[in-house]
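I have placed the structure first, in the form of structure tokens, so that the comments after it can refer back to it.
Any read-out appearing in this document is the output of simple, stated calculations on the displayed coordinates, not a laboratory observation. As the structure is a prediction and not an experimental result, all values here were calculated from the model. Backbone-built Cβ (ideal geometry, glycine too); neighbour counts: all protein chains shown.
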Number of protein chains: 2
Amino acid sequence: MVISRRDHLVQVAQDEFAAHGFHGTGIDGLLAKAGVSKKTLYAHFRSKEELIVAVLRGHDTNFRDDFKRDVEALADDPKERLLAVFDVASDWFHEKSFYGCIFINAVAEYSEGTSPIREACRDFKQMMKTYIIDLARDASLPQPGVIGAQLALLLEGATVTAQVSGDKNAALIAKEAARSLIASALTPA
Amino acid sequence: MVISRRDHLVQVAQDEFAAHGFHGTGIDGLLAKAGVSKKTLYAHFRSKEELIVAVLRGHDTNFRDDFKRDVEALADDPKERLLAVFDVASDWFHEKSFYGCIFINAVAEYSEGTSPIREACRDFKQMMKTYIIDLARDASLPQPGVIGAQLALLLEGATVTAQVSGDKNAALIAKEAARSLIASALTPA
DNA sequence: AGCTAGGTATACCGACCTGTTTCCTTTTTC
DNA sequence: GAAAAAGGAAACAGGTCGGTATACCTAGCT
């Protein structure tokens, strides 16, 4: 199947935005890399911001689908799946073109709280947090909302640490912390 | 005491960079806000990048000093200081002009691994991690390097969550997770 | 008074920015 | 095979970018 010019453009834009930032990526250079003309871009998107939002929305669904698939492929038991989250993250950190979480990066450049860009970022983080809480519930952990939120924080922290400090091992540190937290949750205080 | 034009410029630059990003902040607008001429800027810094590095290096020392002072003011007991870290972070998140960690934001825009900007960011994260590990050692926790790294991940995660999701409560979620992790570390497995 | 260091203000430079338009070619569709 | 839709290439517009250079203006020192 041949992907549409639009999808191709969004894909290339995602790579460029991830590698050089949003302000740092110019339309001209982006189009040259994609082999697509300006006319085509502005036929599909009204502005650069609209392209950015399309990139983020597309990445949201792609990342979610891949992430869940990988987690489910790694473990069947719900509690193990909760830990597998960090193994999948570890693989992600080790990808040769890992530039951190594109949503975090987007918020860094677009701090205005009301923009569609910020909304897309909030939605993604909400989705991931909900996913982890759902896993915690499947694992029959008490207070899945609490432990899920804690594990989500660990995942966020590992992601930025892998990016900023270049510490690819952060995922496994987080995994051991997650193991402790899960064990604590199962132990009556 | 009257602060120098240079320090004033760096201070204003820090605010502008935090609020609008690095690429998003133009030299002209920045100078207008600071009430300083271009000649003065380029008498002190050779380029915008050099100004950015000065901002980051300055923020590194200021943030560290303030953070440690606040932590030490909140608690005397080493173990409580480890938890107080998250209370200080909570106050930080609630500041009216909270734009997340400027070092994370900088890395989002400057991904090239060799730039002085990236170095400044890595140095800051290393310093904070070391500080937390030192607190864990002071608290006589076994394997302070391990638990310290875990708590550092929680702090990072809370910071980005407060920024991206606007969840100012993230610090307290992290604090409870930290409490569990510390308790686990003190309980023989 | 007069010199100097440091400052402001402003014009200017070339490059790049997002976005529009024009002209021409390719591809699809009937 | 002709009409129509879509796309490529490139010029263009108006602004802004980082950075330089020039002219004028003080404050402080001697």
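Points worth noting:
- Computed FRET value (nearest 0.05) for B:E72 with A:F67, which takes r as the C-beta separation and R₀ as 45 Å: 0.65
- The mean of 1/r over all distinct Cα pairs in the stretch A:1-69, once inverted, gives the Kirkwood hydrodynamic radius of 12.4 Å.
- Summing charges over all other residues whose Cβ lies under 12 Å from the Cβ of B:V55, with Lys and Arg as +1 and Asp and Glu as -1, gives -3.
- Cα extents of chain A along the three principal axes, largest first (Å): 63, 38, 28
- Placing a label point 7 Å from the Cα of B:R6 along the Cα-to-Cβ direction, the distances to the matching points in the other copies come to 5.5 nm, shortest first.
- Copy-to-copy label distances for A:T40, where each label lies 7 Å from Cα along Cα-to-Cβ, are 5.0 nm in order of increasing length.
- Stokes-Einstein diffusion of the protein assembly as shown at 10 °C, 1.306 mPa s viscosity, Kirkwood radius from Cα pairs, rounded to a whole number: 73 µm²/s.
- Average partner coverage of A:173-180, which counts Cβ from other chains inside 10 Å: 5
- Copy-to-copy label distances for A:G145, where each label lies 7 Å from Cα along Cα-to-Cβ, are 4.0 nm in order of increasing length.
- 16 Å cut-off, amide nitrogen to a point 7 angstrom out along A:D123 Cα→Cβ, residues in the stretch A:30-60: A:49-60
- Globularity ratio of the stretch A:85-189, using Cα Rg and 2.2 N^0.38 Å: 1.15
- Backbone N under 17 Å from the B:L186 label point (7 Å along Cα→Cβ), restricted to the stretch B:63-86: B:75-86
- Computed extension gain for A:Q143 through A:S47, at 0.36 nm per residue and net of the alpha carbon distance, reaches 30.2 nm.
- Average beta-carbon neighbours from other chains, 10 Å sphere, peptide A:20-26: 5
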